[in-house]
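Asker: Here it is, the structure in full.
The values are calculated or read from the model by the stated rules, or taken from the named source; none is laboratory data. Predicted model, so just to flag it, every value in this text is computed and none were measured. Methodologically, a virtual Cβ is constructed for each residue, glycine included, from the backbone with ideal geometry; neighbour enumeration extends over all protein chains shown.
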Amino acid sequence: MSVPLLTEPPAGLDDLSVFPASTARLPHGHLSIGGVPLDGLADRFGTPVYVLDEDEVRSRCRTYRAAFPEAHVLYAAKAFLSRAMARWIDEEGLGLDVCSVGELELAHAAGFPPERMVLHGNAKTPRDIETALRLGVGRIVIDSPSEVARIAALTGPAGRQKVMVRVVPGVSAGGHEKIRTGTEGQKFGLSLTDGSAQHAIARVLGQPQLELTGLHCHIGSQITDAKPYLVAVRRMVGLMARVKDSHGVTFPELDMGGGHGVAYRPGEAALDLTALARRLGAELATGCAAAGLPVPRLAVEPGRAIAAPAGVALYRVLSVKHTGPNMFVAVDGGMSDNPRPALYGARYAPRLIGRAATAGPVTATVVGRHCEAGDILADDVLLPGDVRSGDLLAVPVAGAYQVSMASAYNLVGQPPVVAVHDGTARLLIRRETQEDLRRRDVGA
């Protein structure tokens, strides 16, 4: 499919810096991604619809492989997972971080090698663990003391399972307090300060069915500065040194988790991946040399940084309302397909597409269709003053923690996901229908 391109951008709200790299301007205010016009996708698949650029996903996987050539890079499936996504990740040579039997079995059904999977979770169910052991996942990350005996018992006397211990390094980092996971007083991991991590390590080393390959930490999400990772590395190396002194054991692996931040709006900061890789490697090598430790193989777990910039959500405007000084633009989606603004105060930059604007920009609030005053998709944003019912809005950086966190609130079905590549579009996840919702209601 070929589309006419504009050589000069139209005047007005035109910054495409946070859209996928394949985004192109078309005449009359239209945009294409992956060579496919977005308004055509809205007409074909309806709205809301999530568009995922396959080339952007693959390109970001390759960027990680290039930045961390000696490390184990695992895609965090919780950001967004489908069978196609699992296949792309596999073909690009990344591992997969899963945290439920659902993610594990979907990836396995897509043909993802289980030995390149790592099972996480602060509260793993027996089925999670049993399925991981049956399929042969590469690592299980222990998150609580009770998991040590549970995993060992399920492994059985003749079995052997590689595990890691998740440590809380006492580092505060992340874009919002609800996604800061490296500090005391939250549900993940085992504390350095109260001795829980050391105690769990000793228990694992006492279980012949378990092979402790290394330590794991995850300090938060949407982090745009390398410094917190360097602090965490120093503390993890300190713990590794104490384990060597106490048990005579050194670890071949160190997983520093993910949380790598991206820009959601033009001008926002994003984590410099090349700088992070260089500084992490240097800090780890220096710390290990000083402690007399061999340098473990590093692992990182990007999710958002791979998926989010590859996705664009399309909505249809249902109404425009002026209430005092406020202009509310209501669309046909909302917190059921993107709960992040309500949960974390996340900010987005929606853009009018499908026609040329005839008025200058005004400040508006883009709201959803749900029965919550907090159902806001984008607050205090600039849109053309002539935005009206029937218009299309494109919201970039929508590929992570939106569809994967979607719900059926107000019995509004979850939206479809469409992949674009080389001028073609194909459906990855179909729209949830009213019939789907009715079938789940089996009572009388």
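Asker: In the stretch 244-272, what residues are part of a helix (DSSP H, G or I) and either among the basic types (K, R) or under 17 Å from the mean Cα position of the chain (by Cα) (or both)?
Answerer: Correct list: K244 only.
Asker: G287 fails exactly one of the following numbered conditions: (1) outside the structural domain of D391 (by TED's automatic domain parsing); (2) buried (at least 20 other Cβ atoms within 10 Å of the Cβ); (3) under 21 Å from A21 (Cβ atoms). What is the number of that condition?
Answerer: (3)
Asker: Out of the residues in the stretch 351-399 that are closer than 20 Å to T323 by Cα and of a type in the set (S, T, Y), which is surrounded by the most Cβ atoms within 10 Å (Cβ to Cβ)?
Answerer: That would be T365.
Asker: Got a sec? Which of E115, E130, E105, E92 is among the acidic types (D, E) and free of Cβ contacts under 8 Å to residues at least 24 places away in the same chain?
Answerer: Answer to the selection: E115.
Asker: Right, next: Go through (1) assigned to a helix (DSSP H, G or I); (2) more than 29 Å from the chain's Cα centre (by Cα); (3) at pLDDT below 95 one by one and return the number of the condition A241 breaks.
Answerer: (3)
Yes/no matrix, rows are residues, columns are (1) surrounded by fewer than 18 Cβ atoms within 10 Å (Cβ to Cβ); (2) assigned by TED's automatic domain parsing to the domain that holds G257; (3) under 23 Å from C99 (Cα atoms); (4) more than 17 Å from the chain's Cα centre (by Cα):
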{"site": "V49", "(1), (2), (3), (4)": "no, no, no, yes"}
{"site": "R58", "(1), (2), (3), (4)": "yes, yes, yes, no"}
{"site": "A66", "(1), (2), (3), (4)": "yes, yes, no, yes"}
{"site": "A71", "(1), (2), (3), (4)": "no, yes, yes, yes"}
{"site": "A76", "(1), (2), (3), (4)": "no, yes, yes, no"}
{"site": "F80", "(1), (2), (3), (4)": "no, yes, yes, no"}
